[in-house]
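Q: Okay, handing you the structure first.
The values are calculated or read from the model by the stated rules, or taken from the named source; none is laboratory data. Just so you know, these numbers come straight off a predicted model, no measurement behind them. Because the Cβ atoms are built from the backbone with ideal geometry, glycine has one as well, and the counts that use them run over all protein chains shown. Ligands, DNA and RNA are excluded from the accessible area calculation, which covers all protein heavy atoms including side chains. Shrake-Rupley method; radii C 1.70, N 1.55, O 1.52, S 1.80 Å.
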Amino acid sequence: VQLVESGGGLVQPGGSLRLSCAASGRTLNAYVMGWFRQASGMEREFVAAISGNTGRAYYKNSVKGRFTISRDNTKNSVYLQMNSLKPDDTAVYYCAADRFYAGNVTSRYDYWGQGTQVTVSS
C-alpha cells in the first residue's frame with residue numbers, strides 16, 4: 001500500500017488549505033484513514049481519523065470546528081480541509097491507514113505516507 005499526500009504549502013494565519021491523500025496498491029474503502037502531524041522538534045500527533053464503514057470522524061480537540069476530514073472511496077482518497085489556520089498548525093502532515101484502529105496512537109497505524117509540509121505564517 002502506498003499513500004501519497006499533496007496540497008501542503010504556505011498560508012497566512014486565518015487561511016485555508018485542503019490536503020489530499022491518494023492510496024494505491026489496495027482498496028482502502030473499509031480501512032480507517034487518519035491524518036497526523038509533526039512539528040519541528042515535536043512528536044507526531046493525531047489530528048483526525050475517519051472510519052471506513054460508517055464514515056464516523058474523530059478529531060483532536062484543538063482542530064474541532066476548523067478541520068474536516070472526508071473520504072472519497074471511488075477515488076481511494078481521503079482529504080483534510082483546514083480552515084482558520086493558526087501558526088501552531090505548522091507541521092508536516094501525514095496520512096495513515098489501518099484496517100480497524102481509529103484512535104490517536106501512532107504505532108497502531110500500519111501504513112503511512114511521506115508527508116506534506118504546511119506552514120502558517122504571515
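Q: Restricting to the range 61-81, count the residues that are of a type outside the set (A, V, I, L, M, F, W, C), part of a strand (DSSP E or B) and closer than 15 Å to Gly14 by Cα. Working first, answer last.
A: Within the range 61-81, the first condition is being of a type outside the set (A, V, I, L, M, F, W, C), and the residues that meet it are 61-62, 64-66, 68, 70-77, 79, 81.
Next, from what is left, pick out any that are part of a strand (DSSP E or B): 68, 70-72, 77, 79, 81.
Within this subset, residues satisfying the condition of being closer than 15 Å to Gly14 by Cα are 81.
Result for the range 61-81: 1.
Q: State whether the residues of the range 82-98 include one that is assigned to a helix (DSSP H, G or I) and of a type outside the set (Asp, Glu).
A: Within the range 82-98, one or more residues are assigned to a helix (DSSP H, G or I) and of a type outside the set (Asp, Glu).
Q: Name the residues in the range 89-106 that are under 20 Å from Gln2 (Cβ atoms), of a type in the set (Ser, Thr, Tyr) and over 10 Å from the mean Cα position of the chain (by Cα), would you?
A: Correct list: Tyr101, Thr106.
Q: So which residues in the range 23-38 are buried (at least 17 other Cβ atoms within 10 Å of the Cβ) and part of a strand (DSSP E or B), if there are any at all?
A: Start the filter on the range 23-38 by keeping residues that are buried (at least 17 other Cβ atoms within 10 Å of the Cβ), which leaves 23, 28, 31-37.
Ala23, Val32, Met33, Gly34, Trp35, Phe36, Arg37, listed by residue number.
Q: May I ask you to list pairs of residues, at least six apart or on different chains, whose Cβ atoms are under 9 Å apart, with the first in the range 6-26 being touching a residue at least 12 places away in the same chain (Cβ under 8 Å) and among the β-branched types (Val, Ile, Thr) and the second being part of a strand (DSSP E or B) and surrounded by 12 or more Cβ atoms within 10 Å (Cβ to Cβ)?
A: Close Cβ pairs (under 9 Å, with a partner that is part of a strand (DSSP E or B) and surrounded by 12 or more Cβ atoms within 10 Å (Cβ to Cβ)) amount to Val11/Leu17; Val11/Met82; Val11/Val118; Val11/Thr119; Val11/Val120.
Q: Looking at the range 39-52 only, could you name the residues that are touching a strand residue (DSSP E or B) at 6+ places or on another chain (Cβ under 9 Å) and either open to solvent by 60 Å² or more (accessible area, probe 1.4 Å) or not in a loop (DSSP other than H, G, I, E, B) (or both)?
A: Correct list: Ser40, Met42, Arg44, Glu45, Phe46, Val47, Ala48, Ala49, Ile50.
Q: Being closer than 24 Å to Gly9 by Cβ, touching a helix residue (DSSP H, G or I) at 6+ places or on another chain (Cβ under 7 Å) and either part of a loop (DSSP other than H, G, I, E, B) or open to solvent by 40 Å² or more (accessible area, probe 1.4 Å) (or both) is the filter here; which residues of the range 101-122 pass it?
A: Passing the criteria: only Ser121.
Q: Working only within the range 73-100, note down all residues that are open to solvent by 40 Å² or more (accessible area, probe 1.4 Å) and within 22 Å of Gly52 (Cβ to Cβ).
A: Residues satisfying the conditions are Asn73, Thr74, Lys75, Gln81, Arg99, Phe100.
Residues checked against (1) modelled with pLDDT of 95 or more; (2) touching a Ser or Thr at 6+ places or on another chain (Cβ under 9 Å):
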position	(1), (2)
Ala48	yes, yes
Gly52	no, no
Thr68	yes, no
Thr74	no, no
Leu80	yes, yes
Pro87	yes, yes
Gln114	yes, no
Thr119	yes, yes
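Q: Would you be able to say whether some residue in the range 12-19 is open to solvent by less than 40 Å² (accessible area, probe 1.4 Å), out of contact with any strand residue (DSSP E or B) (no Cβ under 6 Å at 6 or more places or on another chain) and modelled with pLDDT under 95? Spell out the reasoning first.
A: Pass one, the range 12-19, residues open to solvent by less than 40 Å² (accessible area, probe 1.4 Å): 15, 17, 19.
Cutting the leftovers down to out of contact with any strand residue (DSSP E or B) (no Cβ under 6 Å at 6 or more places or on another chain) gives us 15.
Filter once more, so that each one left must be modelled with pLDDT under 95: none.
No; the residues of the range 12-19 include none that is open to solvent by less than 40 Å² (accessible area, probe 1.4 Å), out of contact with any strand residue (DSSP E or B) (no Cβ under 6 Å at 6 or more places or on another chain) and modelled with pLDDT under 95.
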